Structure formats: C-alpha cells, structure tokens
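Chemist: The following block contains the structure, expressed as structure tokens.
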Amino acid sequence: MALPSLKLAIRHILTPQTYPTNPRKLTFEDPDEWESWLASECAVYTNWRFKKDIPQAQSNRKRKFEWKRLYECDHAGSPRDRRDENLSPKKRRKTGPSIKVRCNAKIEVYQLVGSNVVTVDHYWQHNNHDPATLVNMKMSRNPDAVRHWLDARVHEGFDSKVIKAMIRMTSEELAEITKEVDSLPYSIKISAQDIYNATKRKAMATTYLSPDPDESIRLWMDALRKKGWTVAYEPTPGEESRQGFTIQLCSKWQKSLIPHYGETVCLDSTHNTCKGPLREKMFLSTILARDRVTGKGVPLAWMITNLESHYPLVQFLKWLRTECSFSPRTIMIDCSDTEALAIKLAFSDLIISILFCYWHLWEAWDVGLWYTVDRYMRGIVDRIQ
C-alpha cells in the first residue's frame, strides 16, 4: 500500500482563463458541488475572498433569494495604510506595496426561493492586474489550499526545516521551468515568513482559550491550578486607576526548589515582553536562582504585569512569601531603584542584602562617565569659542 505524499502538489495556472460571456453563469444541483468548484478556482488561478452575505428582504412577497453571497478577487479594493502614524519611522515594519488595485472581478452565488439549484455568476474579467503572469503570482497572497497545507504540516508537528525540505524542488523539476510553461508549482512561492505565519496561527489557536483576553487568562489560571501550579491573577493594589493587574506563576517543581535555593536569588525584569488585553506593553519579572547541581540558572517564579512600578513587584514578592514560603536573605537586582524599593516594602521585617548586577553597574558607570566627560569637553569648546 503506497503512503500518501506530503509534498505540495498545487500549481498555479499561467494560461489566461477566458470565456465567451462575462459574467459566466454556472448552475449546480448539489449544494456542495459549487463549493468544490470555488475551491478549485481559488487554488489554481484566482484567490477569491468571501466578502459578505447579501441581505435579503424580510417580506416573503418581495424575497427573491434563499441566500446570496459575494466573493471578490483578493486584488479588489483600494490600498490602505494601517500603520500607526505616531510610531517612529525607524520602528515601523517595512512592508511591500499593497496588492489592492481596484479589481472588479467577483463571484455571486445564490439560491432562488423555491429552487434547489445553486447559481453562480462568475465575473471573470480582471482589471489592473493579470492573474496569468509570474508578477501577479509573486504579488498575490497564497490561496487557501496552500495555507491549509501549511497549517496541516504544522499541526502534524513538522518544524520549518522539515517543511522547507517538503517544498524543495528537485533539479529535474527546476529544469522544467521555462518561459513557455503553462503552470508553476506553489512550492516555489512559499517563503520562510509563510511557514512562520502558519506556526503563529497554530500558537494563536492553542493559546487563546476564549476570544475575551480576560476570560482566556482566567481559564488558563484554572487549567494550571488543576496541574498543581500556584497561580494568581489579581488587580494591582495601588494601581486601580490605571487598570493595573498582575499574573503570578509558580509551578509545582519550582515551589519544591524554593526552600533549597530561595535564600540567594536574582530578580530580573524584561520589558515589552508582549501586548496586554488593551494593547499595552507588558513586563515580565523572574525570580532566578543558581542550580547547585548544574551550576546554571533556574527560574523559581514569574510575574507578568502591565505597569512598570514598584506596586506589582511588592504584590508579587508578598504573594511568594505567603503562598510559596519564599524568605530570601540576598537578592541581586539591576541598578533599579524601583526593584530595591519593592524588596524593602515586601520584606520590611527582614534584613535583605540587596546586590547590584556588576554588568548593569558598569554600564551605568560607563554612561555616566561619558556624559560627564562630554559635558566637560563641550564647556571647554564653548569657552574657547
């Protein structure tokens, strides 16, 4: 029994598709048959995108269609710049030109009242672009069939290296590509960004447990508690007016290490880790200790917050002390007054030795030294002038 091939077999037709009339009218007795026809059209020539369900009259006397749908060429519409105008040009993502060229090609699908036949009006003439060219194939988005193939490979557990091997063409296949070919395999068009996008789509589908971000976080908290994690998702005391919140995480194995490694730890902060429910910047704080077996760093707990102040850190450290028996003697931090203040407030009844990271201390010294020297030298130049 031959095993099914995992290679991408979809090809793009480079021969112009023309018909005697525009629109071309097609009828299908089976409601599922027209969907198969549309899928084949999208896969080989034009990327048709669902636009909308056309509303029908409420009165049965005026109602003509059971339902009616509109599909447009993916080059329909006008270009729109969705980039943030307030963002610095240096931070803006570099993008290519828009594929929107106001193409009028479309497909109208409908079923008349009292009929089982599905009718398709295929407006096949494209304007301002030619689907039967290499340039158009390069500029167009991948059809749904290619996206589904990539999604299937990612869900099957294949990484980008294996997927690239699947779409890699042999020397014989490459030799067949000439200016006279009537079709090209889509594998020649798939880029590393397309594979990344498929991986991201899978991550988004498995990460969000609910469309509402707040509800999704609460569902994750419940799921982690069932696995033995110590977690909390709470508003930040002192930051209610700014809608501050903290997510505190400590797994079962991390909690078991705190009594052994919790005396000497490092508090490390990472800025702009991700975006919050309101698209705000998020900050990650990690309690890190040195493993006495491997000699490498091991995280003991995490805290995610949407505000950069001492209030979330105080809440996090107090939570660790109460829920995980965290009682350190020495904590190493960056050159951060915020972190130092949070430690003093969270452990006000304990004597904690606060150490500063040598690298951050040297960086602060270097920046301050250059600033002082530059200001001094500019003063000398000004006096000379």
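Chemist: Amide H of F347: which non-local residues (sequence gap of 5 or more, or other chain) have their own amide H closer than 5 Å, using H built in the peptide plane?
Modeler: none
Chemist: Loop-only check: which GluC sites (Glu not before Pro) in segment 12-61 are DSSP coil with at most 12 other Cβ within 10 angstrom?
Modeler: Sites meeting the loop and neighbour criteria: E29.
Chemist: If you average the sequence gap of Cα pairs under 8 Å that are 6 or more apart and divide by the length of the chain, what percent do you get for the contact order?
Modeler: Computed value for the chain: 12 percent relative contact order.
Chemist: So what's the back-of-envelope 222 nm ellipticity for the chain, counting only DSSP H runs of four-plus at -39500 (n - 2.57) apiece and dividing by all residues, rounded to 500?
Modeler: The per-residue figure over the chain is -11000 deg cm²/dmol.
Chemist: With Kirkwood's inverse mean 1/r over C-alpha pairs for Rh, give me the Rg to Rh ratio of the chain, two decimals please.
Modeler: 1.11
Chemist: Test of the criteria: in segment 173-261, which trypsin sites (Lys or Arg not before Pro) are in a DSSP loop and have at most 13 other Cβ atoms within 10 angstrom of their Cβ?
Modeler: K179, K227
Chemist: Same structure again: Among K51/K90; K68/K275; K202/K252, which pairs are too far apart, with a Cα-Cα distance over 31 Å?
Modeler: Over 31 Å apart, Cα to Cα: K51/K90; K68/K275.
Chemist: In whole angstrom, note down how far apart the Cα centers of segment 276-309 and segment 64-112 are.
Modeler: 40
Chemist: Taking K189 as the anchor, which lysines have their alpha carbon closer than 17 Å to its alpha carbon, excluding any fewer than eight residues away along the same chain?
Modeler: Filter leaves K7, K138, K161, K164, K179.
Chemist: Would you work out the charge dipole size for segment 275-367 about its Cα centre, treating the Cβ of every Lys and Arg as +1 and the Cβ of every Asp and Glu as -1, and quote it to the nearest 20 debye?
Modeler: 340
Chemist: May I ask you to evaluate 6.51 cos²θ - 1.76 cosθ + 1.60, the Karplus curve with θ = phi - 60°, for each residue of segment 116-132 and list the ³J(HN,Hα) values in order in whole Hz, giving x for glycine and proline?
Modeler: 9, 8, 9, 10, 10, 9, 9, 8, 8, 6, 9, 10, 6, 6, 10, x, 8
Chemist: Based only on other Cβ atoms within 10 Å, what is the fewest-to-most ordering of T236, T330, T21?
Modeler: T21, T330, T236
Chemist: Sticking with this one: Report, in debye and to the nearest 20, how large the dipole of the chain comes out about its Cα centre when Lys and Arg carry +1 and Asp and Glu carry -1 on their Cβ.
Modeler: 460
Chemist: Here is a follow-up. Treating cross-link reach as a plain straight distance, find the aspartates and glutamates whose alpha-carbon is under 18 Å from the alpha-carbon of K200, omitting any fewer than eight places away in the same chain.
Modeler: The qualifying aspartates and glutamates are D144, D151, E156, D159.
Chemist: Ok, one more. Let me check I've understood the local charge: for E280, count other residues with C-beta under 13 angstrom from its C-beta, Lys and Arg +1, Asp and Glu -1. What total comes out?
Modeler: It works out to a net charge of +2.
Chemist: Moving on. What's the ranking of 333-342, 306-315, 10-19 by average number of surrounding C-beta atoms within 10 Å, highest first?
Modeler: Those peptides, ordered most packed to least, come out 306-315, 333-342, 10-19.
Chemist: For segment 213-362, what is the convex hull volume of the alpha-carbon atoms per residue, in Å³?
Modeler: Normalising the Cα hull of segment 213-362 by residue number yields 116 Å³.
Chemist: Nearest-5 percent of antiparallel DSSP beta bridges in segment 213-362?
Modeler: In segment 213-362, approximately 75 percent of DSSP beta bridges are antiparallel ones.
Chemist: Wrap a convex hull around the Cα atoms of segment 8-159, take a quarter of its surface area, and give that in square nanometres.
Modeler: Averaged projected hull area, Cα only: 13.7 nm².
Chemist: Would you order I177, I188 from fewest to most other beta-carbon atoms within 10 Å of each residue's own beta-carbon?
Modeler: I177, I188
Chemist: Calculate how many DSSP beta bridges within the chain are antiparallel, expressed in % of all such bridges and rounded to the nearest 5.
Modeler: So the antiparallel bridges in the chain amount to around 90 percent.
Each reported figure results from applying straightforward, stated rules to the coordinates on display, with no laboratory input. What you see is a predicted model, and the numbers here were worked out from it, not measured in a lab. Cβ: placed from backbone, ideal geometry, glycine included. Neighbour counts: every protein chain shown.
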